[in-house]
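Report on the following structure.
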């Protein structure tokens, strides 16, 4: 994978314990923890991540992601990558899906992005 936002995201997310990275054709990179997908990249153009619908609603309302470009009524979100400046925000979304704070006793709301 060439340098750029996607390569930086792969470097960050692949360093977390238990994350499996599968690169497929045409820049598609999937990230999983066990059998659970935590998101994927379409090259350095787009990141898609699955969340529970209520979390997706909060992320979209906060401007941290857009509804999924093909499935806007699901829990999936899309983040359109415009450059290196988006890497931290996208890594934060992957980290949120990796940590899954909504499953903790205090997990009613999403944590603020960095």
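Assorted remarks:
- Restricting attention to region 95-106 and to residues that are loosely packed, with under 13 Cβ neighbours inside 10 Å and part of a loop (DSSP other than H, G, I, E, B), the residue that is modelled with the lowest pLDDT turns out to be 106.
- Each residue in region 1-20 was checked for being touching a helix residue (DSSP H, G or I) at 6+ places or on another chain (Cβ under 9 Å) and within 15 Å of residue 93 (Cα to Cα), and 8 pass.
- Residue that is farthest from residue 101 (Cα to Cα) [pool: residues in region 33-62 that are within 11 Å of the chain's Cα centre (by Cα) and surrounded by fewer than 22 Cβ atoms within 10 Å (Cβ to Cβ)]: 46
- Residues of region 21-61 classified as without any contact (Cβ under 8 Å) to a residue 24 or more places away in the chain, touching a helix residue (DSSP H, G or I) at 6+ places or on another chain (Cβ under 8 Å) and within 15 Å of residue 93 (Cβ to Cβ), total: 1
- One residue stands out in region 9-20 among those that are free of Cβ contacts under 8 Å to residues at least 12 places away in the same chain and loosely packed, with under 12 Cβ neighbours inside 10 Å: the one that is nearest to residue 78 (Cα to Cα), namely 15.
The values are calculated or read from the model by the stated rules, or taken from the named source; none is laboratory data. Bear in mind that the values here come from a model prediction, so they are computed numbers and not experimental data. Cβ: placed from backbone, ideal geometry, glycine included. Neighbour counts: every protein chain shown.
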